[in-house]
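Inspection log for the structure reproduced underneath, given as structure tokens.
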Amino acid sequence: MLRMQKAARSLAVFISIVVVQSPLFADDELPAGANTADVTNSSYTNRAAFSTTASPENEVVRLFALYQDARLASMQEEADSLAKQIVEVSIRSYGRESNGTAKALTNLAMLQSENDELVPAIQNLSAAIDIVERSENRLSSELINPLKALGIAQLQAGNTDLAKAAWYRAVHISHVNMGPHNYEQVETLHALARMFSSAGMAKEARKTYKRISYLKSREFQPRTDGMLPELYE
């Protein structure tokens, strides 16, 4: 019950902080002969309006593309509006407690991290993790991607301990699901090694790079120059 309440709160917090405030056409994108007032007064169809004919997957992909366009154009209010629509469409299409919604939240959070929107990114990733834990279990392989993304967002926010905890958990879950020598963990181990190196934690960095080298040697046989141990920076 506590975990269910936590998931609901996380999702509700995110939905409440992104509000629809402006039309999605910039002045230089308006149809010929139109102006901002025309669009606001619904004389023209809002290009982000939900398509009743598109599949849920295609609709979410379309909204993600529009969100990224809005961010690149520095149209923050439009981007916030689209972010809310992505969540709403995912919930309506997949259900509030579904992996589809968790994946949509994860993908949105990754874009938000790239744009230094760290507070909503961390909230969305926490909500995605809660959803997967409820719909599957705490060792589900579906947790790996949101945990990896959470580590990145926490590191960007200066929370190195929380970043390390998220990445360690992602590695552990990969061991449970794919074995201790799985190659999928290498990306996360690289992130940990770089963090240790930047923090001056030489012993931990060398140990992690040694682990990466070992996993590479197992994955790529015979061993080649490209698989030599990583140099400690």
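Only the coordinates and a few stated rules stand behind these numbers; no lab work does. Predicted model, so just to flag it, every value in this text is computed and none were measured. Positions of Cβ are backbone-derived with ideal geometry, glycine not excepted, and every protein chain shown enters the neighbour counts.
Remarks
- Close pairs from the stretch 168-190: first outside any helix (DSSP H, G or I), partner surrounded by 14 or more Cβ atoms within 10 Å (Cβ to Cβ), Cβ under 6 Å, at least 6 apart: 182/174
- Residue tally, condition part of a helix (DSSP H, G or I) and without any contact (Cβ under 8 Å) to a residue 24 or more places away in the chain, over the stretch 144-161: 1
Results for (1) of a type in the set (Lys, Arg); (2) more than 13 Å from the chain's Cα centre (by Cα); (3) surrounded by fewer than 16 Cβ atoms within 10 Å (Cβ to Cβ), shown as yes or no for each residue.
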site: 129; (1), (2), (3): no, no, no
site: 133; (1), (2), (3): no, yes, no
site: 141; (1), (2), (3): no, yes, yes
site: 144; (1), (2), (3): no, no, no
site: 149; (1), (2), (3): no, no, no
site: 152; (1), (2), (3): no, no, no
site: 156; (1), (2), (3): no, yes, yes
site: 163; (1), (2), (3): no, yes, no
site: 167; (1), (2), (3): no, yes, no
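- Total residues in the stretch 69-80, condition of a type outside the set (Asp, Glu) and closer than 20 Å to residue 106 by Cβ: 3
- Number of positions in the stretch 191-206 that are within 25 Å of the chain's Cα centre (by Cα) and either of a type in the set (D, E, K, R) or in a helix (DSSP H, G or I) (or both): 8
- In the stretch 117-143, the residues that are outside any helix (DSSP H, G or I) and closer than 26 Å to residue 76 by Cβ: 117
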